[in-house]
Every structure is written in C-alpha cells, then in structure tokens.
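Take a look at the structure set out below.
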Amino acid sequence: MAKIMHAQTVLTVDDIEALKQKTGESSTKDALAKAVTHYLECEYTQVEDMWAKKLEKVVKRKRKEDE
C-alpha cells in the first residue's frame with residue numbers, strides 16, 4: 001500500500017484557475033493531482049534540456065511527414 005502525505009502550498013488564484021482549465025478538472029484537488037501525475041510520468045521532465053528534446057521529436061516527425 002502506498003504511503004500518503006498531505007502537502008500544502010500557496011498559489012495565486014489565477015494559477016489555480018489556469019491549472020483547472022488546462023487539466024479539465026473543476027476542483028483544485030483534482031487539478032493538482034492530475035498535474036503532478038502528468039509531471040511524474042512525462043518523458044520530458046527527466047531531460048535536462050526539455051525544449052531541445054521536444055523540438056528534436058517535432059523535427060523527426062515533420063521529416064517523416066515530408067517523405
């Protein structure tokens with residue numbers, strides 16, 4: 001069984017509302033949980049230069065489309 005810990009932080013109302021909109025969740029709790037899960041599972045968060053890795057992937061896909 002996973003251990004559970006209560007975490008607390010201070011965020012602006014605008015950031016919370018933007019997170020809810022982006023995640024498609026109506027509650028703050030669910031929006032934060034979804035964002036944290038995405039961050040932990042996203043392949044780009046493990047890479048030092050995330051934008052370069054992402055751009056490299058886009059360029060490869062574009063080249064395949066052009067062939």
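Between 31, 52, 18, the GNM of the chain built on Cα springs shorter than 10 angstrom shows 52 fluctuating the most. Using the Karplus relation 6.51 cos²θ - 1.76 cosθ + 1.60 with θ = phi - 60°, the per-residue 3J(HN,Hα) values for the stretch 30-38 come to 5, 5, 5, 4, 5, 5, 5, 4, 4 Hz, with x marking Gly and Pro.
Over 27 Å apart at the Cα level, from the set 20/60; 20/54; 3/54; 22/53, are 20/60; 3/54. Residue-wise HN-Hα couplings along the stretch 19-24, as the Karplus relation 6.51 cos²θ - 1.76 cosθ + 1.60 with θ = phi - 60° gives them from phi, are 5, 4, 5, 5, 7, x Hz; Gly and Pro carry x.
Positive contributions from Lys and Arg (+1) and negative ones from Asp and Glu (-1), summed over other residues with Cβ under 13 Å from the Cβ of residue 45, come out at -2.
Kindly provide the trypsin sites (Lys or Arg not before Pro) of the chain that DSSP labels as loop, not H, G, I, E or B, and whose Cβ sees at most 12 other Cβ atoms within 10 Å.
3
Here the chain is treated as an ellipsoid with the same Cα gyration tensor; its semi-axes, largest first and in whole Å, are 31, 16, 12.
Where a number appears in this text, it was derived from the coordinates with a stated rule and is not lab data. Predicted model, so just to flag it, every value in this text is computed and none were measured. A quick note on method: Cβ atoms are made from the backbone with ideal geometry, for glycine too, and the neighbour counts reach across all protein chains shown.
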